[in-house]
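Structure incoming, see below.
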Amino acid sequence: MVVLAVFKASKPGGRASLKWFGAVQQRGTVLVLTCIQAAICTAWIVSASPAPHKNTQYHNDKIVYECVVGSTVGFAVLMGYIGLLAIISFLLAFLARNLPDNFNEAKLITFSMLIFCAVWVAFVPAYINSPGKYADAVEVFAILASSFGLLVALFGPKCYTILLRPEKNTKKAIMGRGTTKS
């Protein structure tokens, strides 16, 4: 968002938008968004917290000790809030993708958020249709897959450049990228 505001501020009459994107405002935004998530989690846990449950529904000869979500509304609100933040991040990164090559992080963030959103969109029907202990496995898989997707999409190109293309890992090569177009 800040990079977009800086580039818009460089246009005539765009200076006013920069006052909303200082360091204090960025920290405040992160703090407010985190407090909203903490409030949602607190309300969910206070109203109907997850609890252990003995399940004999799927195996008559075995008792499966599992964790029930508690309030499905609280869980859905929490997942919806995280999804909303992910979609907003994706849209902002998508808007910033056409910046000069020196600011190519937006392309990586866009791709990583696309992976994140795809994993969690696939999670919802899989979680709803998974019985008992398999629902927990689906949730763990979604967390691990989205985390791995974020790591690979954000840091994979950097590691590739550092390890396999050291000639491109110089200040001259990075700063010269924006000037040479073929």
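The values are calculated or read from the model by the stated rules, or taken from the named source; none is laboratory data. Bear in mind that the values here come from a model prediction, so they are computed numbers and not experimental data. With ideal geometry, Cβ positions are generated from the backbone for all residues, glycine too; neighbour counts draw on all protein chains shown.
If you scan the stretch 39-90, which residues turn out to be in a loop (DSSP other than H, G, I, E, B) and under 17 Å from Tyr134 (Cβ atoms)?
Answer for the stretch 39-90, where residues must be in a loop (DSSP other than H, G, I, E, B) and under 17 Å from Tyr134 (Cβ atoms): Pro50, Thr56, Gln57, Tyr58, His59, Lys62, Ile63, Val69.
In addition: Considering only the stretch 67-103, state which residues are of a type in the set (S, T, N, Q) and buried (at least 16 other Cβ atoms within 10 Å of the Cβ).
The answer is Ser71, Ser89.
If you don't mind, there's one more thing I want to ask. Restricting attention to the stretch 62-121, which residues are in contact with a His (Cβ under 8 Å, 6 or more places away or on another chain) and in contact (Cβ under 8 Å) with a residue 24 or more places away in the chain?
Within the stretch 62-121, Glu66, Cys67 meet the criteria.
Another question, if that's okay. Select from the stretch 160-182 the residues that are part of a helix (DSSP H, G or I), loosely packed, with under 11 Cβ neighbours inside 10 Å and either at pLDDT 90 or above or among the hydroxyl-bearing types (Ser, Thr, Tyr) (or both) and list them in ascending order.
Matches in the stretch 160-182: Leu163, Leu164.
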